[in-house]
Every structure is written in structure tokens, then in C-alpha cells.
Amino acid sequence: MKLLVATSKTQGARENDFTHCIEGELLWIAPCCDDGEESPDSECGCSRSFAGLNSHHGTTTALVAELPGFTFSDYTEALRSSLATQGWPAEAADEVAQGLLAFAAGWEVGTVLERRSEWFAERLVPTPPG
Ligand SMILES: [Zn+2]
């Protein structure tokens, strides 16, 4: 199944990029605060970032990855425990998982995505110099 994982690829393409996630950890698209809703360039950065299920930190770059052997119930379980730990309603896990899978399904594996509030776009990975 295709999922979003944290990546440092293309970090720095935007001046206000950040990644505080563990490389390769599962991500979800968390609701943002009022500041974030006003602008994806808000100081907190919540509406331009994806949130790590393990680190509970954010990253502005997400990689669409294929995780062989990973099942829907693995995914819901990972979401459930992460949501619960962070004080979100754990019973939302199924719905969140379905939403994220449907979202990831629309992109090619290997695509790096960025978020601008409710708008998502592919980042073109620059060719290394030389
Ligand atoms: Zn915020």
C-alpha cells in the first residue's frame, strides 16, 4: 500500500522548510491551528507540514512510498495509538487512515509532496550539480 513517509528530500527548496521528523516515519495530515489556517507560512508551520506518527513533530516534505507487507489494520493501529498519545480522538483512526490512503493513491511512488494548507503539490527533485 502507498503511504506518506517523512523525507528530507527537497528540504530547503522553500526558505521556511523544516523537518523535525524521523526519516522514513509514517506521516498524517493533522488539522491546523488558527494561525496556520490564516497562512501556510505561519510561524508554527502547521498548515505547511505533515506530522510524524512517532516523533509527533512536523516536516514540510512528505514522500509517497510503497510499504510492502504493511496492511490497513497495521496502519489504523499505528494511527490509533499515535492519535491517542497526542490527545486526538483515537476512534477517528479508521477514517483518517482511509482518507490518507485515498490521498496517497493519487500520487506516484517516489513523489515528494509539499503542503499549502488544503493544497498539495509535487516537488520536483533537483538534479544534483555536476
Ligand atoms: Zn499552527
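The values are calculated or read from the model by the stated rules, or taken from the named source; none is laboratory data. Please read these numbers as outputs of a predicted model, since none were measured by experiment. When we count neighbours, we look across all protein chains shown, and the Cβ atoms used for this are built from the backbone with ideal geometry, even at glycine. Heavy atoms of the whole protein, side chains included, go into the accessibility calculation; ligands, DNA and RNA do not. Shrake-Rupley method; radii C 1.70, N 1.55, O 1.52, S 1.80 Å.
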Which pairs have Cβ atoms under 7 Å, sit 6 or more apart or on different chains, and link a residue in the range 30-53 that is charged (D, E, K, R) to one that is part of a helix (DSSP H, G or I) and near the ligand (Cβ under 8 Å from one of its atoms)?
Glu37/Ser47; Glu43/Asp35
Keeping to the range 29-60, report how many residues are open to solvent by 10 Å² or more (accessible area, probe 1.4 Å) and not in a loop (DSSP other than H, G, I, E, B).
8
Residue match in the range 4-26 (condition: out of contact with any Gly (no Cβ under 7 Å at 6 or more places or on another chain), open to solvent by less than 30 Å² (accessible area, probe 1.4 Å) and without any contact (Cβ under 8 Å) to a residue 24 or more places away in the chain):
no
Out of the range 20-74, which residues are of a type in the set (D, E, K, R) and more than 16 Å from the ligand (Cβ to nearest atom)?
Glu23, Glu25, Glu66, Asp74
Scanning the range 61-90 residue by residue, those over 13 Å from the mean Cα position of the chain (by Cα), in a helix (DSSP H, G or I) and without any contact (Cβ under 8 Å) to a residue 60 or more places away in the chain turn out to be Ser73, Asp74, Thr76, Glu77, Ala78, Arg80, Ser81, Ser82, Leu83, Ala84, Thr85, Ala90
Can we say Ala97 is assigned to a strand (DSSP E or B) and either without any contact (Cβ under 8 Å) to a residue 12 or more places away in the chain or surrounded by 20 or more Cβ atoms within 10 Å (Cβ to Cβ) (or both)?
no
